[in-house]
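The structure under discussion appears below in the form of C-alpha coordinates.
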Amino acid sequence: MVASNQENFNNEELDDILRKHFTNNFRFGYVTIDGTTMPKRFEDLHEQILNFEVNEDDVWICSFPKTGTTWTQEMVWMIMHDLDFEGGQVNLGQRSPFLEVSAIYDFRNLMRNNKDFVPPPFLQDSLKFVKEQENPACIKTHLPFHLLPLDIQSGRKNPKIIYVARNPKDTCVSYYHHSRALEGYTGTFDDFVRLFLAGKLNFAPYWDHVLRYWEKREQSNVLFVKYEDMKLDLPGVIRKVASFLGKNLSAEQVAALSNHLSFENMKNNPAVNYEMVTELNKKFNLTRHHGAFMRSGTIGGYKSQMTPEIVDRFDKWTEFHTGNTDFSF
Ligand code: A3P
(Lines give C-alpha, C1' and ligand atoms only; values in the text may rest on other atoms or scores of the structure.)
Protein backbone atom coordinates (compact mmCIF):
# COMPACT_ATOMS: atom_id res chain seq x y z
CA MET A 1 0.00 0.00 0.00
CA VAL A 2 1.26 3.46 -0.86
CA ALA A 3 -0.27 6.25 1.19
CA SER A 4 -0.93 9.23 -1.02
CA ASN A 5 -3.14 12.29 -0.83
CA GLN A 6 -5.60 10.95 1.75
CA GLU A 7 -6.37 7.84 -0.31
CA ASN A 8 -4.77 4.46 0.03
CA PHE A 9 -4.06 3.14 -3.40
CA ASN A 10 -3.36 -0.50 -3.92
CA ASN A 11 -1.74 -0.53 -7.32
CA GLU A 12 -2.06 -4.25 -7.83
CA GLU A 13 -5.77 -4.15 -7.13
CA LEU A 14 -6.24 -1.21 -9.49
CA ASP A 15 -4.20 -2.88 -12.22
CA ASP A 16 -6.42 -5.89 -11.77
CA ILE A 17 -9.55 -3.76 -12.28
CA LEU A 18 -8.03 -2.36 -15.46
CA ARG A 19 -7.13 -5.82 -16.71
CA LYS A 20 -10.54 -7.30 -15.97
CA HIS A 21 -12.76 -4.38 -16.84
CA PHE A 22 -10.88 -2.09 -19.16
CA THR A 23 -9.10 -4.20 -21.73
CA ASN A 24 -10.82 -5.48 -24.85
CA ASN A 25 -10.19 -6.08 -28.49
CA PHE A 26 -9.06 -2.52 -29.15
CA ARG A 27 -7.37 -1.87 -25.76
CA PHE A 28 -4.68 -4.34 -24.81
CA GLY A 29 -3.32 -2.86 -21.62
CA TYR A 30 -1.80 0.22 -20.03
CA VAL A 31 1.62 1.69 -19.44
CA THR A 32 2.90 4.53 -17.30
CA ILE A 33 4.99 6.99 -19.24
CA ASP A 34 6.71 9.75 -17.26
CA GLY A 35 4.06 9.35 -14.58
CA THR A 36 1.07 9.41 -16.94
CA THR A 37 -1.18 6.43 -17.63
CA MET A 38 -1.52 5.67 -21.32
CA PRO A 39 -2.87 2.82 -23.42
CA LYS A 40 -0.17 0.29 -24.26
CA ARG A 41 -0.31 1.20 -27.92
CA PHE A 42 0.99 4.68 -27.06
CA GLU A 43 4.47 3.20 -26.63
CA ASP A 44 4.69 3.04 -30.43
CA LEU A 45 3.72 6.70 -30.82
CA HIS A 46 5.57 8.29 -27.92
CA GLU A 47 8.93 8.97 -29.61
CA GLN A 48 7.30 10.04 -32.85
CA ILE A 49 5.16 12.56 -30.99
CA LEU A 50 8.13 13.93 -29.04
CA ASN A 51 9.93 14.46 -32.36
CA PHE A 52 6.85 15.73 -34.18
CA GLU A 53 7.68 18.83 -36.21
CA VAL A 54 5.41 21.57 -34.95
CA ASN A 55 4.06 24.33 -37.16
CA GLU A 56 3.75 27.70 -35.44
CA ASP A 57 0.55 28.57 -37.34
CA ASP A 58 -1.37 25.62 -35.95
CA VAL A 59 -3.72 25.83 -33.01
CA TRP A 60 -3.52 23.10 -30.37
CA ILE A 61 -6.59 22.29 -28.28
CA CYS A 62 -5.34 20.52 -25.21
CA SER A 63 -7.40 19.02 -22.39
CA PHE A 64 -7.94 16.17 -19.99
CA PRO A 65 -10.66 13.87 -21.44
CA LYS A 66 -14.31 14.86 -20.93
CA THR A 67 -13.75 18.48 -20.10
CA GLY A 68 -15.44 20.05 -23.13
CA THR A 69 -12.78 19.34 -25.74
CA THR A 70 -15.22 18.70 -28.59
CA TRP A 71 -17.14 21.85 -27.72
CA THR A 72 -13.92 23.87 -27.77
CA GLN A 73 -12.73 22.25 -31.00
CA GLU A 74 -15.95 23.14 -32.78
CA MET A 75 -15.73 26.71 -31.47
CA VAL A 76 -12.11 27.10 -32.52
CA TRP A 77 -12.57 25.53 -35.94
CA MET A 78 -15.58 27.76 -36.63
CA ILE A 79 -13.73 30.90 -35.55
CA MET A 80 -10.67 29.96 -37.60
CA HIS A 81 -12.86 29.31 -40.64
CA ASP A 82 -15.01 32.43 -40.42
CA LEU A 83 -18.11 30.49 -39.36
CA ASP A 84 -18.16 28.16 -42.34
CA PHE A 85 -21.26 26.22 -41.27
CA GLU A 86 -21.35 24.33 -44.55
CA GLY A 87 -17.71 23.23 -44.33
CA GLY A 88 -18.46 22.32 -40.73
CA GLN A 89 -20.62 19.42 -41.88
CA VAL A 90 -17.45 17.41 -42.40
CA ASN A 91 -16.68 15.16 -39.44
CA LEU A 92 -14.85 17.05 -36.69
CA GLY A 93 -12.32 14.22 -36.44
CA GLN A 94 -11.21 15.20 -39.91
CA ARG A 95 -11.40 18.98 -39.45
CA SER A 96 -9.70 18.99 -36.07
CA PRO A 97 -7.79 15.72 -35.82
CA PHE A 98 -6.99 14.00 -32.55
CA LEU A 99 -3.22 13.47 -32.48
CA GLU A 100 -2.97 10.24 -30.46
CA VAL A 101 -6.38 8.69 -31.11
CA SER A 102 -4.83 5.64 -32.80
CA ALA A 103 -3.48 4.70 -29.38
CA ILE A 104 -6.90 5.00 -27.76
CA TYR A 105 -8.55 2.82 -30.38
CA ASP A 106 -6.05 0.21 -31.49
CA PHE A 107 -8.04 -1.32 -34.33
CA ARG A 108 -5.25 -3.53 -35.73
CA ASN A 109 -6.69 -6.73 -34.31
CA LEU A 110 -10.16 -5.91 -35.50
CA MET A 111 -8.85 -5.13 -38.97
CA ARG A 112 -6.99 -8.45 -39.14
CA ASN A 113 -10.18 -10.32 -38.27
CA ASN A 114 -12.53 -8.26 -40.43
CA LYS A 115 -10.96 -7.82 -43.82
CA ASP A 116 -13.67 -5.41 -44.98
CA PHE A 117 -13.14 -3.08 -42.01
CA VAL A 118 -11.18 0.02 -42.99
CA PRO A 119 -11.28 2.73 -40.32
CA PRO A 120 -11.13 6.32 -41.58
CA PRO A 121 -7.52 7.57 -41.89
CA PHE A 122 -7.89 10.00 -38.98
CA LEU A 123 -8.53 7.02 -36.69
CA GLN A 124 -6.29 4.43 -38.27
CA ASP A 125 -3.05 6.43 -38.33
CA SER A 126 -3.80 9.65 -36.53
CA LEU A 127 -0.23 10.90 -36.38
CA LYS A 128 0.20 10.58 -40.12
CA PHE A 129 -3.17 12.24 -40.63
CA VAL A 130 -2.15 15.22 -38.49
CA LYS A 131 1.20 15.50 -40.29
CA GLU A 132 -0.64 15.72 -43.60
CA GLN A 133 -2.94 18.54 -42.53
CA GLU A 134 -2.82 21.83 -44.34
CA ASN A 135 -1.78 24.70 -42.09
CA PRO A 136 -3.11 26.24 -40.03
CA ALA A 137 -4.40 22.99 -38.55
CA CYS A 138 -6.56 22.71 -35.49
CA ILE A 139 -5.05 19.84 -33.51
CA LYS A 140 -6.71 18.11 -30.58
CA THR A 141 -4.68 16.32 -27.93
CA HIS A 142 -5.29 14.96 -24.45
CA LEU A 143 -1.57 14.67 -23.80
CA PRO A 144 -0.23 16.33 -20.66
CA PHE A 145 2.26 19.10 -21.30
CA HIS A 146 5.27 16.86 -20.62
CA LEU A 147 4.28 14.42 -23.38
CA LEU A 148 3.76 17.11 -26.05
CA PRO A 149 6.24 17.45 -28.93
CA LEU A 150 9.63 18.67 -27.71
CA ASP A 151 9.31 21.66 -30.07
CA ILE A 152 6.52 22.93 -27.80
CA GLN A 153 7.96 21.81 -24.47
CA SER A 154 11.25 23.54 -25.14
CA GLY A 155 9.61 26.73 -26.46
CA ARG A 156 11.41 26.34 -29.81
CA LYS A 157 7.99 26.59 -31.42
CA ASN A 158 5.08 28.54 -29.97
CA PRO A 159 1.84 27.57 -31.67
CA LYS A 160 -1.33 28.84 -30.03
CA ILE A 161 -2.50 26.48 -27.29
CA ILE A 162 -6.03 26.55 -25.91
CA TYR A 163 -6.41 24.45 -22.79
CA VAL A 164 -9.87 23.61 -21.50
CA ALA A 165 -10.47 22.44 -17.93
CA ARG A 166 -13.58 21.20 -16.12
CA ASN A 167 -14.20 20.47 -12.45
CA PRO A 168 -12.97 16.97 -11.61
CA LYS A 169 -16.23 15.57 -10.23
CA ASP A 170 -18.22 16.25 -13.40
CA THR A 171 -15.20 15.19 -15.44
CA CYS A 172 -15.04 11.86 -13.62
CA VAL A 173 -18.76 11.14 -14.07
CA SER A 174 -18.55 12.08 -17.74
CA TYR A 175 -15.40 9.95 -18.17
CA TYR A 176 -17.17 6.99 -16.55
CA HIS A 177 -20.12 7.14 -18.95
CA HIS A 178 -17.82 7.73 -21.89
CA SER A 179 -15.62 4.79 -20.88
CA ARG A 180 -18.63 2.48 -20.65
CA ALA A 181 -20.28 3.59 -23.88
CA LEU A 182 -17.28 4.31 -26.07
CA GLU A 183 -14.29 2.47 -24.65
CA GLY A 184 -15.70 -0.76 -23.25
CA TYR A 185 -15.27 -0.26 -19.47
CA THR A 186 -17.33 -2.92 -17.68
CA GLY A 187 -16.56 -2.17 -14.02
CA THR A 188 -18.53 -0.31 -11.38
CA PHE A 189 -18.69 3.43 -10.80
CA ASP A 190 -16.97 3.00 -7.42
CA ASP A 191 -14.02 1.28 -9.04
CA PHE A 192 -13.89 3.95 -11.72
CA VAL A 193 -13.66 6.60 -8.99
CA ARG A 194 -10.73 4.73 -7.46
CA LEU A 195 -9.01 4.60 -10.84
CA PHE A 196 -9.67 8.31 -11.38
CA LEU A 197 -8.34 9.42 -8.00
CA ALA A 198 -5.32 7.15 -8.30
CA GLY A 199 -4.42 8.50 -11.73
CA LYS A 200 -4.90 5.10 -13.35
CA LEU A 201 -7.00 6.20 -16.34
CA ASN A 202 -5.67 7.30 -19.70
CA PHE A 203 -4.00 10.74 -19.49
CA ALA A 204 -4.26 10.80 -15.68
CA PRO A 205 -3.29 11.96 -13.09
CA TYR A 206 -5.89 14.67 -13.51
CA TRP A 207 -4.32 17.42 -11.35
CA ASP A 208 -0.90 16.93 -12.83
CA HIS A 209 -2.52 17.50 -16.24
CA VAL A 210 -4.43 20.64 -15.30
CA LEU A 211 -1.77 22.30 -13.18
CA ARG A 212 1.09 21.91 -15.64
CA TYR A 213 -0.92 23.80 -18.27
CA TRP A 214 -2.16 26.28 -15.64
CA GLU A 215 1.49 27.14 -14.93
CA LYS A 216 1.84 28.20 -18.59
CA ARG A 217 -1.26 30.39 -18.68
CA GLU A 218 0.67 33.68 -18.72
CA GLN A 219 2.52 32.75 -21.92
CA SER A 220 1.20 34.84 -24.80
CA ASN A 221 0.57 31.70 -26.91
CA VAL A 222 -1.54 30.01 -24.21
CA LEU A 223 -5.21 30.55 -23.38
CA PHE A 224 -6.71 28.72 -20.41
CA VAL A 225 -10.48 28.22 -20.64
CA LYS A 226 -12.92 26.61 -18.23
CA TYR A 227 -15.93 24.49 -19.20
CA GLU A 228 -17.91 26.20 -16.45
CA ASP A 229 -17.27 29.62 -18.02
CA MET A 230 -18.44 28.31 -21.38
CA LYS A 231 -21.66 27.12 -19.74
CA LEU A 232 -22.23 30.39 -17.88
CA ASP A 233 -21.20 32.84 -20.61
CA LEU A 234 -20.62 31.20 -23.98
CA PRO A 235 -20.64 34.49 -25.98
CA GLY A 236 -18.02 35.90 -23.60
CA VAL A 237 -15.74 32.89 -24.11
CA ILE A 238 -16.28 33.01 -27.89
CA ARG A 239 -15.16 36.66 -27.91
CA LYS A 240 -12.11 35.84 -25.79
CA VAL A 241 -11.10 32.90 -28.00
CA ALA A 242 -11.68 34.93 -31.18
CA SER A 243 -9.51 37.74 -29.89
CA PHE A 244 -6.79 35.22 -28.90
CA LEU A 245 -6.92 33.83 -32.45
CA GLY A 246 -6.71 37.32 -33.92
CA LYS A 247 -10.23 37.24 -35.36
CA ASN A 248 -12.89 39.90 -35.19
CA LEU A 249 -16.45 38.67 -34.82
CA SER A 250 -19.53 40.90 -35.12
CA ALA A 251 -22.30 40.69 -32.51
CA GLU A 252 -24.39 38.76 -35.05
CA GLN A 253 -21.59 36.26 -35.63
CA VAL A 254 -21.11 35.72 -31.90
CA ALA A 255 -24.86 35.09 -31.56
CA ALA A 256 -24.89 32.70 -34.54
CA LEU A 257 -21.92 30.77 -33.20
CA SER A 258 -23.40 30.60 -29.68
CA ASN A 259 -26.52 29.11 -31.19
CA HIS A 260 -24.52 26.62 -33.27
CA LEU A 261 -22.63 25.57 -30.12
CA SER A 262 -25.66 25.08 -27.88
CA PHE A 263 -25.87 21.65 -26.27
CA GLU A 264 -29.04 20.78 -28.23
CA ASN A 265 -27.48 21.73 -31.55
CA MET A 266 -24.23 19.90 -30.81
CA LYS A 267 -26.19 16.82 -29.71
CA ASN A 268 -28.06 16.76 -33.01
CA ASN A 269 -25.03 17.54 -35.17
CA PRO A 270 -23.68 14.26 -36.64
CA ALA A 271 -20.38 15.97 -37.51
CA VAL A 272 -19.54 16.46 -33.82
CA ASN A 273 -21.56 13.93 -31.81
CA TYR A 274 -19.29 10.91 -32.39
CA GLU A 275 -22.01 9.02 -34.22
CA MET A 276 -19.29 7.30 -36.25
CA VAL A 277 -17.63 5.82 -33.16
CA THR A 278 -20.98 4.83 -31.62
CA GLU A 279 -21.91 3.05 -34.86
CA LEU A 280 -18.57 1.22 -34.90
CA ASN A 281 -19.17 0.11 -31.33
CA LYS A 282 -22.54 -1.30 -32.27
CA LYS A 283 -21.33 -2.92 -35.49
CA PHE A 284 -18.50 -4.81 -33.80
CA ASN A 285 -20.16 -5.16 -30.42
CA LEU A 286 -17.22 -3.41 -28.83
CA THR A 287 -19.01 -2.11 -25.77
CA ARG A 288 -21.60 -3.67 -23.50
CA HIS A 289 -23.27 -0.35 -22.78
CA HIS A 290 -24.49 2.22 -25.24
CA GLY A 291 -25.03 5.92 -24.71
CA ALA A 292 -24.75 9.28 -26.44
CA PHE A 293 -21.47 11.18 -26.46
CA MET A 294 -23.41 14.40 -25.79
CA ARG A 295 -24.80 13.10 -22.52
CA SER A 296 -26.01 15.85 -20.18
CA GLY A 297 -23.73 18.86 -20.63
CA THR A 298 -24.30 20.31 -17.17
CA ILE A 299 -22.38 21.74 -14.23
CA GLY A 300 -22.85 19.81 -10.99
CA GLY A 301 -24.45 16.74 -12.58
CA TYR A 302 -22.12 14.68 -10.40
CA LYS A 303 -24.50 15.25 -7.47
CA SER A 304 -26.92 12.64 -8.77
CA GLN A 305 -24.17 10.06 -9.29
CA MET A 306 -21.75 10.50 -6.38
CA THR A 307 -22.49 9.60 -2.77
CA PRO A 308 -21.53 12.22 -0.12
CA GLU A 309 -18.64 9.92 0.80
CA ILE A 310 -17.22 10.04 -2.74
CA VAL A 311 -17.75 13.81 -2.91
CA ASP A 312 -15.79 14.13 0.30
CA ARG A 313 -12.93 12.03 -1.09
CA PHE A 314 -12.81 14.23 -4.18
CA ASP A 315 -12.82 17.41 -2.12
CA LYS A 316 -9.97 16.24 0.10
CA TRP A 317 -7.99 15.06 -2.90
CA THR A 318 -8.56 18.43 -4.61
CA GLU A 319 -7.48 20.32 -1.51
CA PHE A 320 -4.36 18.16 -1.31
CA HIS A 321 -3.36 18.98 -4.88
CA THR A 322 -4.44 22.61 -5.17
CA GLY A 323 -4.02 23.87 -1.60
CA ASN A 324 -0.70 25.48 -2.44
CA THR A 325 -1.74 26.85 -5.81
CA ASP A 326 -3.91 29.75 -6.96
CA PHE A 327 -6.12 27.41 -8.99
CA SER A 328 -9.82 26.91 -8.31
CA PHE A 329 -13.03 26.15 -10.20
P1 A3P B 1 -21.21 15.13 -20.13
O2 A3P B 1 -20.81 13.72 -20.29
O3 A3P B 1 -21.14 15.62 -18.72
O4 A3P B 1 -22.53 15.44 -20.75
P5 A3P B 1 -15.08 16.01 -24.35
O6 A3P B 1 -15.44 16.61 -25.64
O7 A3P B 1 -13.86 16.59 -23.72
O8 A3P B 1 -15.06 14.53 -24.41
O9 A3P B 1 -16.22 16.43 -23.30
C10 A3P B 1 -17.49 15.87 -23.39
C11 A3P B 1 -18.40 16.55 -22.40
O12 A3P B 1 -18.69 17.87 -22.88
C13 A3P B 1 -19.73 15.82 -22.26
O14 A3P B 1 -20.14 16.04 -20.91
C15 A3P B 1 -20.58 16.57 -23.28
O16 A3P B 1 -21.96 16.43 -23.09
C17 A3P B 1 -20.11 18.01 -22.98
N18 A3P B 1 -20.46 18.92 -24.06
C19 A3P B 1 -20.20 18.82 -25.37
N20 A3P B 1 -20.77 19.82 -26.06
C21 A3P B 1 -21.40 20.59 -25.15
C22 A3P B 1 -22.20 21.77 -25.24
N23 A3P B 1 -22.46 22.34 -26.40
N24 A3P B 1 -22.70 22.27 -24.09
C25 A3P B 1 -22.44 21.69 -22.90
N26 A3P B 1 -21.72 20.56 -22.75
C27 A3P B 1 -21.20 20.02 -23.87
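The values are calculated or read from the model by the stated rules, or taken from the named source; none is laboratory data. Source: prediction; values computed, not measured. Cβ: placed from backbone, ideal geometry, glycine included. Neighbour counts: every protein chain shown. Side chains are part of the model used for accessible areas, which takes the heavy atoms of the whole protein and leaves out ligands, DNA and RNA. Shrake-Rupley method; radii C 1.70, N 1.55, O 1.52, S 1.80 Å.
So here's what we get for this one:
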read-out: S243-E215 pseudo-label distance in nm [points 7 Å out on the Cα-to-Cβ vector]; value: 2.8 nm
read-out: Largest-first principal axis extents of the Cα set of the chain (Å); value: 55, 53, 41
read-out: Share of carbon and sulfur in the accessible heavy-atom surface of segment 11-322 [1.4 Å probe, %]; value: 47 percent
read-out: Separation of alpha-carbon centers, segment 179-256 and segment 1-77, rounded to whole Å; value: 15 Å
read-out: Chymotrypsin sites (Phe, Trp or Tyr not before Pro) restricted to DSSP loop in segment 1-94 with at most 11 other C-beta within 10 Å; value: F85
read-out: Gaussian network model of the chain, Cα within-10 Å springs - most flexible of S63, S179, S262; value: S262
read-out: Qualifying chymotrypsin sites (Phe, Trp or Tyr not before Pro) in segment 89-169, DSSP loop, other Cβ atoms within 10 Å at most 15; value: F117
read-out: Linear extension gain, S250 paired with N135, 0.36 nm per residue minus alpha-carbon span; value: 38.9 nm
read-out: Unsatisfied cross-links (Cα-Cα over 25 Å) in the set K140/K226; K115/K140; K169/K267; K131/K157; K128/K247; K40/K226; value: K115/K140; K128/K247; K40/K226
read-out: The chain, accessible area per residue, ligands and nucleic acids excluded (1.4 Å, Å²); value: 45 Å²
read-out: Paramagnetic reach from V31 (point 7 Å along Cα→Cβ, amide N under 17 Å) across segment 116-148; value: 126-127, 143-144, 146-148
read-out: Estimated [θ] at 222 nm from DSSP helical runs (n ≥ 4, -39500 (n - 2.57)) normalised by residues in the chain, nearest 500; value: -12500 deg cm²/dmol
read-out: Cα gyration tensor shape for segment 41-118, rounded if a/c is under 1.5, else prolate or oblate; value: oblate
read-out: Tensor-based shape of segment 209-261 (alpha-carbon gyration tensor, a/c under 1.5 rounded, otherwise prolate or oblate); value: oblate
read-out: Stokes-Einstein translational diffusion, segment 214-314 - Kirkwood Rh over all Cα pairs, 0.692 mPa s, 37 °C, in µm²/s; value: 195 µm²/s
read-out: Sites N55 and D312, calculated FRET efficiency, Cβ-Cβ separation with R0 41 Å, nearest 0.05; value: 0.35
read-out: Cβ charges +1 (Lys, Arg) and -1 (Asp, Glu), total dipole of segment 197-329, debye; value: 400 debye
read-out: Length released on extending from N24 to Q153, taking residue separation times 0.36 nm less the Cα-Cα span; value: 43.1 nm
read-out: Part-to-part distance (alpha-carbon centres) for segment 87-103 and segment 140-173, which is given in Å; value: 17 Å
read-out: Stretchable slack from F320 to L232, in nm (0.36 nm times residue separation minus alpha-carbon distance); value: 29.0 nm
read-out: Label point at N259 placed 7 Å out along Cα→Cβ; residues across segment 209-237 whose backbone nitrogen lies under 12 Å; value: none
read-out: Convex hull volume per residue in cubic angstrom - Cα atoms of segment 141-300; value: 134 Å³
read-out: Sites excluded, GluC sites (Glu not before Pro) in DSSP loops with at most 16 other C-beta within 10 Å, longest stretch of the chain; value: 219-329
